[in-house]
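K.L.:
First the structure, which I've put down as structure tokens, then a few questions once you've had a look.
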């Protein structure tokens, strides 16, 4: 793993993990807005990812909290299932219900990956379009915008976004690409690649559950990205592994 030495933070269970990540995310986005005037976040799906967004929505309604101006937050996704718009399998669907529609993120700032029943029949075309959206939001001389925080889940075999072990995606240098024949359904997806993921200022990996503990320990002990893609992700300024105690159970000395 390159980049800054990762931070490992452990919470007691998945519920406490989601709440703690939500509080940290609100603080990080608020700080980005102080510095830049806007903030940018890359979302993930999954149970913990969606629970984090639900907690963020609750925090937005609480008084005396650090506040985020949700009209000045750009929202991107790390990967998406190439299924019809509104399908429950889409990460976008859960994110809109849990947070984006609740806090009123303006539609032009919601950068969703295309669905299968939209403008593009093939995921490769959808990926090329999304790469163009990223480039259009990027500063001069770059094809990627600023990502203040990029959230990732992790599968029990170490996959992140839709980059699975020993798959062509591991060595694909494009910022966005189509992924077919995923071992986890649905099989057709669009995903950011390592180059886009690792361009983020901070990468946060949100992992819960005993089944993922071996992959967590493996990734943090020098596994190759080919064998464990989670080992290949890092932020430019910070890499944070945010775990519940079960997911941290195979670490040599679990923090906390």
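K.L.:
Would you tally the residues in the stretch 1-40 being within 26 Å of residue 145 (Cβ to Cβ) and touching a strand residue (DSSP E or B) at 6+ places or on another chain (Cβ under 7 Å)?
P.N.:
So the answer is 13.
K.L.:
Turning to a different aspect of this structure: Which one is modelled with the highest pLDDT, of the residues in the stretch 66-85 that are within 21 Å of residue 18 (Cβ to Cβ) and part of a loop (DSSP other than H, G, I, E, B)?
P.N.:
78
K.L.:
Which residues, taken from the stretch 98-113, are more than 17 Å from the chain's Cα centre (by Cα) and within 23 Å of residue 50 (Cβ to Cβ)?
P.N.:
Those that are more than 17 Å from the chain's Cα centre (by Cα) and within 23 Å of residue 50 (Cβ to Cβ): 101, 102, 103, 104, 105, 106, 107.
Residues checked against (1) under 30 Å from residue 10 (Cα atoms); (2) touching a strand residue (DSSP E or B) at 6+ places or on another chain (Cβ under 8 Å):
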{"site": "136", "(1), (2)": "no, no"}
{"site": "169", "(1), (2)": "yes, yes"}
{"site": "177", "(1), (2)": "no, yes"}
{"site": "204", "(1), (2)": "yes, yes"}
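K.L.:
Could I ask something else about it? Just to be sure, is residue 236 at pLDDT 95 or above, at negative phi and over 19 Å from the mean Cα position of the chain (by Cα)?
P.N.:
No.
K.L.:
Could you check how many residues of the stretch 199-227 are within 11 Å of residue 156 (Cβ to Cβ) and crowded, with 24+ Cβ neighbours inside 10 Å?
P.N.:
Counting residues in the stretch 199-227 that are within 11 Å of residue 156 (Cβ to Cβ) and crowded, with 24+ Cβ neighbours inside 10 Å gives 4.
K.L.:
Given the options 25, 59, name the one that is under 19 Å from residue 206 (Cβ atoms) and over 17 Å from the mean Cα position of the chain (by Cα).
P.N.:
Answer to the selection: 59.
This table checks each residue for (1) modelled with pLDDT of 95 or more; (2) closer than 30 Å to residue 120 by Cα.
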{"residue": "24", "(1), (2)": "yes, no"}
{"residue": "36", "(1), (2)": "yes, no"}
{"residue": "45", "(1), (2)": "no, yes"}
{"residue": "52", "(1), (2)": "yes, no"}
{"residue": "64", "(1), (2)": "no, no"}
{"residue": "88", "(1), (2)": "yes, yes"}
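The values are calculated or read from the model by the stated rules, or taken from the named source; none is laboratory data. The structure displayed is predicted, hence computed values, not measured ones. Every residue, glycine as well, gets a Cβ built from its backbone with ideal geometry; the counts of neighbours run over all protein chains shown.
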